[in-house]
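**Student:** I have a structure I would like to understand better, so I am pasting it below and will then ask my questions one at a time.
Read the figures in this text as sums done on the coordinates, not as results from a lab. Since this is a predicted model, take the numbers as computed values, not measurements. Note: ideal-geometry Cβ built from the backbone for every residue, glycine included; neighbour counts use all protein chains shown.
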Number of protein chains: 2
Amino acid sequence: MGNSREDVVNAALKLLDSWGLEFFSMRRLAGELDVQPSALYHHVASKQELLGFMAARIVGQVEVDADVVASCHRLRAAMLAVRDGAEVVATASAFRMGVSELEARLAAVTTPDVARTLLLYVMGHTEATQLHRQASSLGVIEADPDLDASFDRGLAIILTALPAAVDA
Amino acid sequence: MGNSREDVVNAALKLLDSWGLEFFSMRRLAGELDVQPSALYHHVASKQELLGFMAARIVGQVEVDADVVASCHRLRAAMLAVRDGAEVVATASAFRMGVSELEARLAAVTTPDVARTLLLYVMGHTEATQLHRQASSLGVIEADPDLDASFDRGLAIILTALPAAVDA
DNA sequence: ACCTGAACACCGTTCAAGT
DNA sequence: ACCTGAACACCGTTCAAGT
C-alpha cells in the first residue's frame, strides 16, 4: 500500500502505548504494519532514530508560555499520556531532538540555567512517577499519593531562584 | 573455580567500563568469566538485578555530609568515573536500589523535597554530561566547555530555596 | 518509492543434568 | 554451591532483488 514515515511513527506510538518500551521491537512494529522488518528501514535509519521521532511527537505539541508552572505541568501530562513516554523522551532528549526547542522556549520565559534545571527535573520526576505508577498498578509496591504534590514542591524549589536570576 | 556474586559484579563493572552499556550483555560477561551464560543466573536473578547491583556499587561509597555542593560533586564524579555510569545509576535508581539510601542521607542535611530535587537534577545533568562527552569524543558534536560550570549553577538554583525550606 | 526474502550476528532466560 | 549443554523464543540491521 505504501506507508509513509508518519504512518510508521503513528503505529510505533500506538505499539508503545499498548505494549510498553520493554516489548517495543522493530519486528513487532513491522508485524503491526503487515510489512517485513526490513521495510521499516526505508522510513527510518535505526530504532534509535525512530524513538527520537516518537519523543519529538510526544513533546511537540506542548505549549510553553509565561506561566512556567503550568507549562511544566503540560509537559509532564504529555509524557504521562503515553506508556513509558517519559523514558522515551528522557532517553531521546539526552541525544537531543525536539527537546532542545522546548528548552529554548522555556529559557525565553526564565533563564537558560533555570530552563535546563527545570527540564532535567521535570523529566526525572516524571519518569520516576511513571515507573512508580506502573509498579504500583502491578501490585509490586504501594501507591504514593504524594507524587503529584511532590512534583509541585520541587518546581517551587527551583523557581525560588527565578526572580534573582532574571535580575542578573 | 567457583565465582561469587562479588566476582560477577566486579567483572560486570569492568566490562561496562571497557565496552559501554550498549555492548554489555550477559553472554559477553559470561565469556569474560570463562563460564557459560546460564551460570550467571546462579548469582543474579536477571540482567536488571545485576545492573542494580552495579549501580549500588558505583554510588555506594559516595560520602554525603553537610557540604551539600561537595556531596553532589562527589556523586557526580562517582558516576562519571565509569563509562555509562550515570545511565546505569539513573535507570536502576528509578527502580530504587541503594540510591534511596543516598536520598535519605541527603535529606538529613537538607529537606526531603530538596534532596529529591537535587538528586533528580544531579542524575539528569550527569547523564547528559556523560552522553555529551561521549558524543564529542567521537567527533559527532563539538565539546561544551560550559558543562561543568552549568552543573554548579543548577545546584545553586536549587539550593537558593534551602534556607527557607529548612526554616519551614 | 516502497517492499520482500533471506541471511548475519547476535540477545536474555530456562532447565535438566553433572560435580 | 556452582557450573555445563542445549534449547527456546526472540532481537536489530543489511542487502540483493522485486514492482
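**Student:** I'd like the full set of residues that are touching a Phe, Trp or Tyr at 6+ places or on another chain (Cβ under 7 Å) and either β-branched (V, I, T) or farther than 12 Å from A:I58 by Cα (or both), limited to the range A:1-20.
**Tutor:** A:V9, A:L15
**Student:** Let me ask something else. Taking the condition within 20 Å of the chain's Cα centre (by Cα) and within 11 Å of another protein chain (Cβ to nearest Cβ), does B:S71 pass?
**Tutor:** Spelling it out, it is not the case that B:S71 is within 20 Å of the chain's Cα centre (by Cα) and within 11 Å of another protein chain (Cβ to nearest Cβ).
**Student:** Then there's this: Step by step: first the residues of the range B:103-124, then only those that are of a type in the set (V, I, T) and more than 15 Å from B:R74 (Cα to Cα), then the one that is nearest to the other protein chains (Cβ to nearest Cβ). Which residue is that?
**Tutor:** Filtering the range B:103-124 for residues that are of a type in the set (V, I, T) and more than 15 Å from B:R74 (Cα to Cα), the one nearest to the other protein chains (Cβ to nearest Cβ) comes out as B:T117.
**Student:** Tell me which residues, restricted to the range B:125-149, are within 17 Å of B:V68 (Cα to Cα) and either at the interface with chain A (Cβ under 8 Å from one of its Cβ atoms) or aromatic (F, W, Y) (or both).
**Tutor:** Scanning the range B:125-149 gives a single hit, B:H125.
**Student:** Further question: Filter the range A:128-159 for residues that are touching a Leu at 6+ places or on another chain (Cβ under 9 Å) and either over 15 Å from A:H73 (Cα atoms) or not hydroxyl-bearing (S, T, Y) (or both) and give the result.
**Tutor:** A:A128, A:Q130, A:H132, A:R133, A:G154, A:L155, A:I157, A:I158, A:L159
**Student:** A follow-up question, please. Residue by residue through the range B:20-48, note down the ones that are among the charged types (D, E, K, R), within 12 Å of DNA strand C (Cβ to nearest atom) and more than 14 Å from chain A (Cβ to nearest Cβ).
**Tutor:** B:R27, B:R28, B:E32
**Student:** A:R27 is checked against (1) within 12 Å of DNA strand D (Cβ to nearest atom); (2) outside any helix (DSSP H, G or I) and fails just one. What number does that condition carry?
**Tutor:** (2)
**Student:** Taking A:V62, is it more than 14 Å from every other protein chain (Cβ to nearest Cβ), more than 9 Å from DNA strand D (Cβ to nearest atom) and more than 22 Å from the chain's Cα centre (by Cα)?
**Tutor:** Working: more than 14 Å from every other protein chain (Cβ to nearest Cβ): yes; more than 9 Å from DNA strand D (Cβ to nearest atom): yes; more than 22 Å from the chain's Cα centre (by Cα): no.
So A:V62 does not fit the description; no.
**Student:** Please tell me if A:S93 is more than 13 Å from DNA strand C (Cβ to nearest atom), farther than 28 Å from A:A135 by Cα, within 14 Å of chain B (Cβ to nearest Cβ) and of a type in the set (S, T, Y). Give the steps one after another, and end with the answer.
**Tutor:** On the way: more than 13 Å from DNA strand C (Cβ to nearest atom): yes; farther than 28 Å from A:A135 by Cα: no; within 14 Å of chain B (Cβ to nearest Cβ): yes; of a type in the set (S, T, Y): yes.
Against the criterion (more than 13 Å from DNA strand C (Cβ to nearest atom), farther than 28 Å from A:A135 by Cα, within 14 Å of chain B (Cβ to nearest Cβ) and of a type in the set (S, T, Y)), A:S93 does not qualify.
**Student:** Read through the list (1) surrounded by fewer than 20 Cβ atoms within 10 Å (Cβ to Cβ); (2) touching a residue at least 12 places away in the same chain (Cβ under 8 Å); (3) away from DNA strand C (no atom under 12 Å from the Cβ); (4) part of a helix (DSSP H, G or I), then give the number of the only condition that B:A77 fails.
**Tutor:** For B:A77, the failing item is (2).
**Student:** Let me ask something else. Looking at A:E87 and the list (1) in contact (Cβ under 8 Å) with a residue 60 or more places away in the chain; (2) part of a helix (DSSP H, G or I); (3) in contact with an Asp or Glu (Cβ under 6 Å, 6 or more places away or on another chain); (4) surrounded by fewer than 21 Cβ atoms within 10 Å (Cβ to Cβ), which single condition is not satisfied?
**Tutor:** So A:E87 meets the others, but not (4).
**Student:** Follow-up question, since we're still on this one. B:D152 is checked against (1) more than 9 Å from chain A (Cβ to nearest Cβ); (2) crowded, with 21+ Cβ neighbours inside 10 Å and fails just one. What number does that condition carry?
**Tutor:** Tallying (1) more than 9 Å from chain A (Cβ to nearest Cβ); (2) crowded, with 21+ Cβ neighbours inside 10 Å, B:D152 fails exactly one: (2).
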